[in-house]
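Below is one structure, written out as structure tokens; comments come after it.
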Amino acid sequence: MESPRAEAELRTSQAGTLGTSSGFVYVAAVFAALGGLLFGYDTGVISGAVLFITKQFALSLFPTELVVAVVLLGAAVGALSGGRIADWLGRRLTLFITSLIFIAGAIVCALARSLPILVAGRLIVGLGIGLSSVVPVYISEISPANARGWQASLYQLAITIGILSAYLVDYAFAGSEGWRWMLGLAAIPGVLLGLGMIALPETPRWLLERGRADDARKVLRRIRGNADIEAEFQDIQNTLSVASERGRFSDLLLPAVRPALIIGVGLAVFQQVTGINTVIYYAPHIIQAAGISSASGAILATAGVGLVNVIMTVVSMMLIERVGRRPLLLTGIVGMIISLGVLGLAFQLSIRSTTLAWVAVITLMAYVASFAISLGPIFWLLIAEIYPLRIRGLASGTAATSNWASNLVVSLTFLSLVQVLGPSWTFWLYGVMAIAAWIFSYYLVPETKGRTLEEIEEHWRVLRHARTMGR
């Protein structure tokens with residue numbers, strides 16, 4: 001009799017052989033990832049636009065934080081409902097609805113003539129951002145096990161490209177203070193996402209779970225090309241037959257789901273309380289405080305940070321199936337800890353203004369590079385991998401909601417924290433949170449490299465510890 005480990009390796013080998021991708025699955029993943037580009041653009045664009053919005057509407061500290069952070073309230077609501085909607089309507093239709101919401105939000109923001117209308121537009125955009133958390137689930141369910149890591153990471157890559165694009169658009173319109181163009185141009189990728197979702201299929205796992213076996217087999221054959229799909233099809237079907245009917249919030253607390261829920265929610269919170277979106281939203285403010293006084297100069301320096309984010313996300317995609325999730329996660333968090341410590345120290349020592357500006361920019365680049373190989377892509381990848389099929393949308397939506405709720409708290413408090421504690425202690429506080437994130441990840445986060453989604457689900461069903469998954 002073969003050991004469980006040997007059986008798992010055999011199944012993984014079969015999945016790697018049979019679960020190959022046709023060219024179509026790459027096209028599908030890229031179009032789906034446009035949801036990530038919109039996510040990145042709409043979160044990043046406010047960093048430059050807020051400089052001019054504050055001026056036009058004569059905003060004080062709290063209204064400024066509200067314009068930035070209200071999008072996160074919408075994102076939390078969108079993520080929480082998105083999981084339910086994706087399990088009910090399907091991944092594909094949910095993403096089509098998401099594209100319409102993005103378009104509507106962009107138009108409202110661009111045409112806003114008062115602060116309440118602008119806040120309403122940002123709230124609508126936030127709903128779209130929250131719903132876009134379905135993208136990693138869609139990609140993971142159409143990707144083979146041996147390529148799922150980098151293909152699902154396309155979502156994070158698209159986020160970083162969206163952020164960089166937002167910074168470049170901010171810079172292009174900074175001279176004319178054209179914040180309406182900055183916010184309104186998000187409608188273009190929204191249209192592309194909608195057109196893509198019209199052409200793309202539903203995932204075979206969702207179709208099979210809904211009893212549409214013939215449709216599921218057709219889609220699986222379409223996305224696997226000439227490969228034999230019967231072994232993969234049977235594996236999905238067997239997993240569904242073993243699992244009981246689920247889909248309620250109470251199911252998230254079942255013994256077979258609870259460890260994965262803790263991991264997803266924990267990483268969601270740590271991704272935010274380590275300060276990443278203070279950099280995304282307020283990088284020009286930070287750089288201006290460090291010594292670059294002009295808005296255009298600060299935005300251009302911020303674009304350099306965004307470029308590093310894109311490059312290191314590509315590096316992460318190249319390494320994630322070779323090195324694994326855990327090593328990248330733990331190594332990147334160490335880099336974040338060191339970068340936050342140095343950034344806080346630079347402000348504490350009151351270095352001469354020009355030097356401080358360069359130290360701030362370089363340290364922010366190091367911090368973002370570390371995030372881009374760890375908490376950035378790996379959080380979104382894991383919440384698309386570690387949950388059982390019947391509650392995958394609901395569970396990943398719950399984790400994403402925790403992410404956005406934490407993001408809201410951090411974004412609403414950053415400027416106030418800097419005012420009360422000063423920049424040094426604010427960045428050191430985020431550094432302490434990064435230390436906690438490393439400890440959490442070391443003891444609880446599993447290695448899912450090379451495992452099929454069905455193998456991961458079986459691991460939780462027999463109540464094994466997360467650390468034993470990669471062994």
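Quick note: the coordinates plus some simple rules give every number you see, no bench work behind them. Keep in mind that what you see is a predicted model, and the values were worked out from it rather than measured. Backbone-built Cβ (ideal geometry, glycine too); neighbour counts: all protein chains shown.
Taking the mean number of other Cβ atoms within 10 Å as a proxy for protection, how do you rank 107-118, 399-410 from highest to lowest?
399-410, 107-118
In the chain, the longest principal axis of the Cα atoms and the axis of helix 423-444 are about 10 degrees apart. Only the Cβ atoms of Lys and Arg (+1) and of Asp and Glu (-1) were treated as charged; on that basis the dipole of the chain about its Cα centre amounts to roughly 220 debye. In terms of its Cα atoms, segment 60-151 spans 51, 24, 21 Å along the principal axes, sorted from long to short.
Placing unit charges on each Cβ (+1 for Lys and Arg, -1 for Asp and Glu) gives segment 13-468 a dipole about its Cα centre, and among ALA69, ALA384, GLN234 the Cα reaching farthest toward its positive end belongs to ALA69.
Using helices alone, what [θ] at 222 nm do you get for the chain, with -39,500 (n - 2.57) per DSSP H run of 4 or more residues, divided over all residues and rounded to the nearest 500?
Working: 24 runs with 372 residues, N = 471.
After summing the helix terms and dividing by residue count, I get -26000 deg cm²/dmol.
With Cα atoms as the point set, the radius of gyration and Dmax of the chain evaluate to 21.8, 74 Å. With neighbours defined as other Cβ atoms within 10 Å of a residue's Cβ, the residues LEU261, LEU429 order from fewest to most as LEU429, LEU261. Kirkwood radius for segment 336-429, taken over all pairs of different Cα atoms as the inverse mean of 1/r, rounds to 15.4 Å. In this Cβ point-charge picture (+1 for Lys and Arg, -1 for Asp and Glu), segment 14-168 has a dipole of about 140 debye about its Cα centre. Taking the C-alpha atoms only, the angle from helix 375-385 to the longest principal axis of the chain is near 30 degrees. Residues of the chain were split at every exposed loop site, defined as GluC sites (Glu not before Pro) in a DSSP loop with at most 14 other C-beta atoms within 10 angstrom, and the longest piece left, sites excluded, is 3-244.
By the beta-carbon count within 10 Å of each Cβ, the least crowded to most crowded order of LYS449, LYS218, LYS55, fewest first, is LYS55, LYS218, LYS449.
Taking every Cα-Cα distance in segment 119-206 and sorting them into 5 Å bins starting at zero, the pair-distance distribution P(r) comes out as 3, 11, 16, 23, 19, 12, 8, 5, 2, 1 percent.
The ranking of ARG217, ARG122 from fewest to most other beta carbons within 10 Å of each one's beta carbon is ARG217, ARG122.
Taking the Cα centre of the chain as the origin and placing charges on Cβ (Lys, Arg +1; Asp, Glu -1), which of PRO423, MET318, LEU59 is farthest toward the positive end of the dipole? The Cα lying farthest towards the positive end belongs to LEU59.
The mean sequence separation of alpha-carbon pairs under 8 Å and at least six residues apart, normalised by the residue count of the chain, gives a relative contact order of 25 percent. Against the chain, whose longest principal axis is taken from its Cα atoms, helix 154-174 shows a tilt of about 20°.
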